[in-house]
Amino acid sequence: MKIGLYVRLLGRPGTTPPPPSWPSVRDQALAAEAAGFDLVVFEDALLYPDDGGSMGVWESVSMVAAVAAVTSTIGVGHAVLNSPYRQPALTAKIAATLDEIAGGRYTFGIGLGNTPDDYPLFGIDAAPRYSRFVEAIEIIHGLLRTGRTDVEGTYYRASGAELVLAGPRPAALPIIIAAGKPRAMRLVARYADEWNWWVSERDGLARLRELVAEMERACDEVGRDPGTLRRSLDVFSVAVPGVPEPAADGNELQLAGSPDAIADALLAHGELGFAEVRVNLRVPADMPRTDAIAWMQEVVSRVHA
């Protein structure tokens, strides 16, 4: 099983720990590379509005490009790009360009969108999310697979668009789609090379079994062998030593304990066919995140083994 690290880009000035700076993001990526992680992934959001003070987020495409340029072996990418933020033909070109910068190490994930509070603040039309994504993924798939697309939709138009420079890979850049509902899963089965989802509830494995069964039904409906669809999972969260246990009635899944115990818990997802997990780390306020990443090295080795 492969294991990735989720690097957060959000924060607010005046908080402890402070919001991430570019040097801190760079150093986390380099620490993850040194610890043997297979990839680092980043969130894609514009703002987390809050009456008590909004959480800001660095622009993710810029950050991914910068991290790709300063690393050499580790995969780098988006947990998922937020589809409504960008015109889909531009998204395909962004993905190919990031893969060029990364030398074929870019992970292209995309989702229908999940931050509805920030769309109107930035003047972005996002509704209806599903219908928009149907058109978006048709455009993206066409450009990344054949280099051309000719879509005249209700929400997006890309008539005669071409992707002439497609990046360094001899085969097409894999498309990863995040989906947790039946209609979206059918788009995964039709267009994606990989299905991605996340787990944070305490009953995560039970819920995941239901989602896996639904994903396999979606493949059957479109005539696809489920075994040809890779699966990856974002795990929220893994706690390094020193993090207090969550409340007994809380919803957060917190994997903690020895490296063996954490590795075993992550590997349990492999029984559901997940070939890759990406972990979000919970870290004590007084611990540098690079130290927490280094502590995970034994977990990474055991997951690989």
Report summary line: The convex hull of the Cα atoms of the range 149-193, divided by residue count, gives a volume in Å³ per residue of 105 Å³
Report summary line: Taking Lys and Arg as +1 and Asp and Glu as -1, residues besides residue 157 with C-beta under 11 Å from its C-beta add up to -3
Query raised in the report: Whose amide H sits under 5 Å from the amide H of residue 254, counting only residues 5 or more places off or on another chain, with H placed in the peptide plane?
Result: 237
Query raised in the report: Which whole-angstrom value gives the distance between the alpha carbon centres of the range 242-305 and the range 1-38?
Result: 15 Å
Query raised in the report: Quick one: helix 60-70 against the long Cα principal axis of the chain, what's the angle to the nearest 10°, folded into 0 to 90?
Result: 70 degrees
**Report entry** Summed residue charge, Cβ within 13 Å of residue 129's Cβ, Lys/Arg positive, Asp/Glu negative
**Finding:** +1
Query - Rg followed by Dmax, in Å, when the chain is reduced to its Cα trace - result: 19.0, 56
Requested in this report: In debye, nearest 20, what is the charge dipole magnitude of the range 20-84 about its Cα centre with +1 on Lys and Arg Cβ and -1 on Asp and Glu Cβ, if you could check?
Outcome: 200 debye
Query raised in the report: Once fully extended, how much extra length lies between residue 162 and residue 72, figured as 0.36 nm per residue of separation less the alpha-carbon to alpha-carbon distance?
Result: 29.5 nm
Query raised in the report: Mind checking the dipole of the chain: about its Cα centre, +1 per Lys or Arg Cβ, -1 per Asp or Glu Cβ, Debye to the nearest 20?
Result: 640 debye
Query - Summed residue charge, Cβ within 11 Å of residue 19's Cβ, Lys/Arg positive, Asp/Glu negative - result: +2
Query raised in the report: Okay, helix-only estimate at 222 nm for the chain: each DSSP H run of n ≥ 4 adds -39500 (n - 2.57), divide by all residues, round to 500 deg cm²/dmol; what do you get?
Result: -11500 deg cm²/dmol
Query raised in the report: Long-range amide H contacts for residue 55: which residues qualify at under 5 Å (H placed 1.01 Å from N, peptide plane, sequence gap of 5 or more or a different chain)?
Result: 48, 50
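A short reminder: the numbers here are calculations on the coordinates, not readings from a lab. Please read these numbers as outputs of a predicted model, since none were measured by experiment. Note that each Cβ is placed from the backbone with ideal geometry, even for glycine, and that neighbours are counted across all protein chains shown.
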